[in-house]
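What follows is a short report on a single structure.
The values are calculated or read from the model by the stated rules, or taken from the named source; none is laboratory data. Bear in mind the structure is a predicted one, so any value in this text is a computation, not a measurement. Backbone-built Cβ (ideal geometry, glycine too); neighbour counts: all protein chains shown. With ligands, DNA and RNA removed, areas are computed over all heavy atoms of the protein, side chains included. Shrake-Rupley method; radii C 1.70, N 1.55, O 1.52, S 1.80 Å.
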Amino acid sequence: MAKGTITIADVAKASGVSKSAVSYALNGKPGVSEETRDKVLKLARSMGWKPNSAAKSLSDACTRSIGVVLMVADAEDFGSGMFGMDCLAGLSKAMDPRDYSIVLRMTAGGAAAACRIYEDWIASGKVDAHLIMGVELGDPRLALFREHPEAKALFISQREITSGLPTLYSSDDEGARMVVRYLHGLGHRNIARIAGPEEYVHTLARDNATADECSKLGMRCTTLHGKYMAETGERLCNAILDFGHRPTAIVCDTDITAVGALHTALARGISVPEDLSIVAWDDSAACVSATPALTALHRDVRAIGLKAGKMLLRMIDGETVGDEPEPPYRLVERASTGPVA
């Protein structure tokens, strides 16, 4: 790898190619065309670059680490969502017996910023494999890892969008249909959703499946989107409760927004579940400790992290890994839902 006063970033800027491409070119690794390799090498030499064999040896070594970038709304939002933390707990359980570590980065810059971090990790060889969560529509990380098939990466996403990339996928569409059928069975015909950000692929899958199942059952559904934060649940619940034709049930895309919605409804004197039923996704301790306890579409997030870790270790060991399903959703009925009065 380039050392001395000349860095990969210097050569990348001068050559107009990515830092990962420069790293592959300078280290003689596959992943770039011969034309690009020649261009980078000539420019690097003209800038005074000289290979450092000790550094190159270090970059080729196993780091015994997995890289994860968490995307958050802002710096204060770190840790407010349950999914990422529980997933990392499961991932750690898989890593520990092999003495692997998790290299964790946080960014409030969205998928583009996360992509730059992964690109740096690919270029530097800082981690042995990568775990990608929170995949968005048009996510640049999909293109990045398609361009670098030699980089070991696992996506937690819908396999329809990650086509060709190793994916641990969930049945978000079937989960959404399960909730709609459950509420229909309780007599609900007018429901609302406090959904996640529209740019997430899983949000689109849930939106489409909910709308389709409601149409089949003759139900009405209004969907509002927002960040995965308690204040989002409070704000959007207030908006829903102000509707002229108030829904009899609210489905929240995560436990954090469900708790916010529950607090808002109770503060307004609305009885749960007598006047309003509330359902959460990603069942967690927050759902059990709420009063009343929240009915939830249970997703064993720690088991997801554990399975992701095992898949990544198989990839590191040289095994070809394709698409594999998460543990299935199951509905856990608690005190926050009931029949329409």
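So, taking all protein chains as they sit and a 1.4 Å probe, how much accessible area belongs to HIS298, in Å² rounded to tens?
It works out to around 40 Å².
If you take the square roots of the eigenvalues of the alpha-carbon gyration tensor of the stretch 172-298 and sort them as a ≥ b ≥ c, do you get rounded (a/c under 1.5), prolate (a/b over b/c) or oblate?
rounded
For THR63, list long-range residues whose amide hydrogen, built 1.01 Å from N in the peptide plane, is under 5 Å from its own amide hydrogen.
So THR63 has HN proximity to ASP128.
Sum up the charges of everything whose Cβ sits under 13 Å from the Cβ of SER289, counting Lys and Arg as +1 and Asp and Glu as -1, but leave SER289 out. Mind showing how you got there, number by number?
Numbers: positive: ARG334; negative: ASP255, ASP283.
Neighbourhood net charge equals -1.
Probe radius 1.4 Å, ligands and nucleic acids ignored: give me the carbon and sulfur share of the accessible area of the chain as a rounded percent.
The C+S portion of the solvent-accessible surface of the chain is 52 percent.
Just to check I understand the Karplus step: with θ = phi - 60° and J = 6.51 cos²θ - 1.76 cosθ + 1.60, what whole-Hz values come out for the stretch 175-186, glycine and proline as x?
Those phi angles translate into x, 4, 5, 4, 5, 4, 5, 4, 5, 4, x, 8 Hz.
Please list, ordered by chain and number, the residues whose modelled amide H lies under 5 Å from the amide H of VAL279; skip anything fewer than 5 residues away on the same chain.
Excluding prolines and chain starts, which carry no amide H, the hits are ILE250, VAL251, CYS252.
Normalised radius of gyration for the chain, please: alpha carbon Rg relative to 2.2 N^0.38 Å, two decimal places.
Rounded to two decimals, the normalised Rg is 1.16.
Loop only by DSSP, 14 or fewer other Cβ within 10 Å of the Cβ. Give me the GluC sites (Glu not before Pro) in the stretch 112-158 that pass, ordered by residue number.
When the GluC sites (Glu not before Pro) of the stretch 112-158 are filtered for loop state and at most 14 Cβ neighbours within 10 Å, GLU150 remain.
Over the chain, with the other protein chains present, what is the accessible area per residue in square angstrom, probe 1.4 angstrom?
43
What is the magnitude of the charge dipole of the chain about its Cα centre, with +1 placed on the Cβ of each Lys and Arg, -1 on the Cβ of each Asp and Glu, and no other charges, expressed in debye to the nearest 20?
860
In this model, which of LYS227/LYS307; LYS39/LYS126; LYS13/LYS126; LYS13/LYS42 are farther than 19 Å apart at the alpha-carbon?
Numbers: LYS227/LYS307 27 Å; LYS39/LYS126 25 Å; LYS13/LYS126 21 Å; LYS13/LYS42 14 Å.
Table pairs above 19 Å Cα-Cα are LYS227/LYS307; LYS39/LYS126; LYS13/LYS126.
Rounded to the nearest 500, what is the chain's calculated 222 nm mean residue ellipticity when only DSSP H runs of at least 4 contribute -39500 (n - 2.57) each, over all residues?
Values: 14 runs with 156 residues, N = 341.
Computed ellipticity for the chain at 222 nm equals -14000 deg cm²/dmol.
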